[in-house]
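Some notes on the structure that comes next.
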Amino acid sequence: MITKTQIKNSLDNLPENVTVDQVIDQLIFLEKIQKGLDDSKNGRINSKEEAKEKLSKWKL
């Protein structure tokens, strides 16, 4: 979960003339980064070999 402080800091770094869509995209991006960091911290990761195996199943 992203914090209010992270949201505020992110919004402060956006240009003055920003669209609502750009703000939403930025917030989604921040949330995905935070989820990845949380997953990594809690051991929810794949090794390189596991990732290759999972991706190989997608090949046509």
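No value in this document is a laboratory result; all are computed from the given coordinates. The model shown is predicted, which means the values in this text are computed figures rather than measured ones. All Cβ positions, even for glycine, are placed from backbone atoms using ideal geometry, and neighbour counts span all protein chains on display.
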**Tally, over the chain, of residues that are not in a helix (DSSP H, G or I) and not aliphatic (A, V, I, L, M)** = 14
**Request:** Being surrounded by fewer than 14 Cβ atoms within 10 Å (Cβ to Cβ) and within 13 Å of Ile7 (Cβ to Cβ) is the filter here, so list the residues in segment 17-34 that pass it.
**Result:** Ile24, Ile28, Phe29, Ile33
